[in-house]
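The values are calculated or read from the model by the stated rules, or taken from the named source; none is laboratory data. None of these values were measured; they are calculated from a predicted model. All Cβ positions, even for glycine, are placed from backbone atoms using ideal geometry, and neighbour counts span all protein chains on display. For accessibility, only protein heavy atoms count, side chains too; no ligands or nucleic acids. Shrake-Rupley method; radii C 1.70, N 1.55, O 1.52, S 1.80 Å.
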Amino acid sequence: MTENIDRETYSAARVRALESLLIEKGIITGETVDKVIEFFEKDMGPFNGAKIVAKAWVDPAFKQRLLEDTPSAIAEMNFPRGMAGAEGEHMKAVENTPAVHNLIVCTMCSCYPWPVLGLPPYWFKDPTFRARAIREPRKVLQEFGLEIPESTQVAVWDTSAQIRWFVLPERPAGTEGWTEEQLAAIVTPEAMQGAAKVKVPA
Amino acid sequence: MKLQHYIGGLEGLEPSSFEKRVFVQPWEERIFGIHVAMMGLSNHLAAVKTVPTQFKSFWTWGHLRKGAEGLNPFDYFKYRYYEKWLGGISGFFVESGYVSPEELDAKTTAYLENPAAPLPQGGEPTIDEQVMEYLRVGDSPKVDVAVPPKFKVGDVVTVKNPAPVAHCKLPGYLRTKQGVVDEVYEGAYNYYFPTGDGVGDPMPIYNVKFDSHDIWSNLTEPKTWIYVQIFEGYLEDPA
């Protein structure tokens with residue numbers, strides 16, 4: 001039967017069947033999955049990380065605290081409860097500079113700091129990225145549209161224990177005098193994993 | 001060896017996709033939500049004891065990963081990320097007796113015939129409260145046990161080469177390689193269950209720095225460092 005149906009149509013029916021049975025059997029409720037999804041749309045997503053980055057750009061003392069003790073610095077800010085929750089229990093920020101470009105990868109799975117970045121995008125979970133980024137990061141970044149100068153050291157961070165890293169990207173030129181809100185609006189999830197630089201919109 | 005443990009460094013691959021969406025098919029978010037619910041309702045969490053869910057199992061990232069690492073390695077690369085989740089999680093519910101293969105197939109057929117058929121409604125609200133509480137509180141692996149670290153910043157360490165096990169936290173490319181301890185993370189960390197190759201009990205975690213040329217010789221790029229978080233159980237003094 002399954003050979004004759006489109007792969008996605010089948011998976012969609014299969015997961016709906018599973019969810020339906022789990023609700024009927026009292027394992028989850030009719031609202032559980034929707035509530036989980038909503039949590040990542042409203043409370044925990046890359047919009048949190050963007051605010052942290054923007055604050056670090058305008059407040060050098062905060063930046064210092066963020067790099068030294070990431071959870072305590074984040075706890076100073078006014079976020080919804082849960083910044084040290086699932087997949088954010090032990091986070092650490094690493095700083096990009098003209099001398100060092102950091103790239104985060106999880107070669108064995110897809111560990112990602114949920115409270116600051118939300119859920120991992122597809123490129124981060126792709127086995128091809130995971131395989132290549134750790135050995136030829138410059139080439140992968142070049143394919144992503146980011147040229148790293150030869151003089152810059154590249155540091156690739158492979159999450160394989162219990163700490164979740166994210167990147168504090170470089171503040172782009174041309175943003176002098178911007179407010180934290182304006183700055184946060186241009187920070188992307190890709191930049192906070194080192195796969196892109198923050199750019200000023202043309 | 002298990003190919004899934006050796007993904008880092010594989011050669012001969014095509015350019016990486018820079019697909020920025022989290023879910024590339026609408027159904028994928030449903031299996032993600034189910035997995036999060038299972039983690040939030042896992043029986044190892046103290047708060048779950050009083051929650052009226054019929055889920056009575058131990059379910060963590062470790063269990064999901066163990067399933068993916070147990071796949072035929074060629075199948076591993078055939079299926080997309082959430083396809084592997086769907087296969088692993090539905091397989092778990094069938095094998096654990098929560099759902100029979102017949103009823104899962106019958107329901108699947110019913111939704112294929114009528115994709116717009118609604119999901120059942122209702123359920124105990126405290127189940128959802130626990131799942132959301134899990135998301136906000138987490139499940140920290142850090143334990144309140146004093147375990148003095150064997151290594152300090154600057155120490156040269158050798159990565160062990162333990163026999164392969166069903167689920168492993170050691171990237172294959174690091175085995176037998178030497179690096180330098182860059183940071184000793186504060187405290188001791190357990191893993192959800194003993195992996196059988198040295199991880200599970202509370203132990204220190206280190207950030208270890210490697211020169212990519214010490215791992216891949218000239219098959220890597222100039223000026224590249226690799227930092228990896230490694231459980232102490234995978235490290236030893238260079239002999």
In the list B:Thr195, B:Thr220, B:Thr176, which residue meets the criterion of being in contact with a Cys (Cβ under 7 Å, 6 or more places away or on another chain) and open to solvent by 10 Å² or more (accessible area, probe 1.4 Å)?
B:Thr195
Report the residue count in the range B:83-124 for those that are more than 7 Å from chain A (Cβ to nearest Cβ) and more than 29 Å from the chain's Cα centre (by Cα).
9
Starting from residues that are among the small types (Gly, Ala, Ser) and open to solvent by 10 Å² or more (accessible area, probe 1.4 Å), keep the ones in the range A:23-64 and report whichever is farthest from the other protein chains (Cβ to nearest Cβ).
A:Ala61
Here are some conditions: (1) free of Cβ contacts under 8 Å to residues at least 40 places away in the same chain; (2) open to solvent by less than 10 Å² (accessible area, probe 1.4 Å); (3) among the aliphatic types (A, V, I, L, M); (4) assigned to a loop (DSSP other than H, G, I, E, B). A:Ala173 meets all but one. Which one does it not meet?
(2)
So which residues in the range A:112-141 are open to solvent by 10 Å² or more (accessible area, probe 1.4 Å), part of a helix (DSSP H, G or I) and farther than 23 Å from A:Gln162 by Cβ?
A:Tyr122, A:Thr128, A:Arg138, A:Lys139
Does the range A:7-21 include one or more residues that are within 30 Å of A:Arg81 (Cα to Cα) and of a type outside the set (Ser, Thr, Tyr)?
yes
Working carefully through the options A:Glu95, A:Glu89, find the one that is out of contact with any Phe, Trp or Tyr (no Cβ under 6 Å at 6 or more places or on another chain), of a type in the set (Asp, Glu), in contact (Cβ under 8 Å) with a residue 40 or more places away in the chain and buried (at least 19 other Cβ atoms within 10 Å of the Cβ).
A:Glu89
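Please go through the range A:98-110 and give me each residue that is open to solvent by 10 Å² or more (accessible area, probe 1.4 Å) and either within 8 Å of chain B (Cβ to nearest Cβ) or touching a Lys or Arg at 6+ places or on another chain (Cβ under 6 Å) (or both), ordered by number.
A:Met108, A:Cys109, A:Ser110
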Take the residues in the range A:111-133 that are facing chain B (nearest Cβ under 10 Å) and of a type in the set (A, V, I, L, M), then tell me which one is farthest from B:Gln4 (Cα to Cα).
A:Leu119
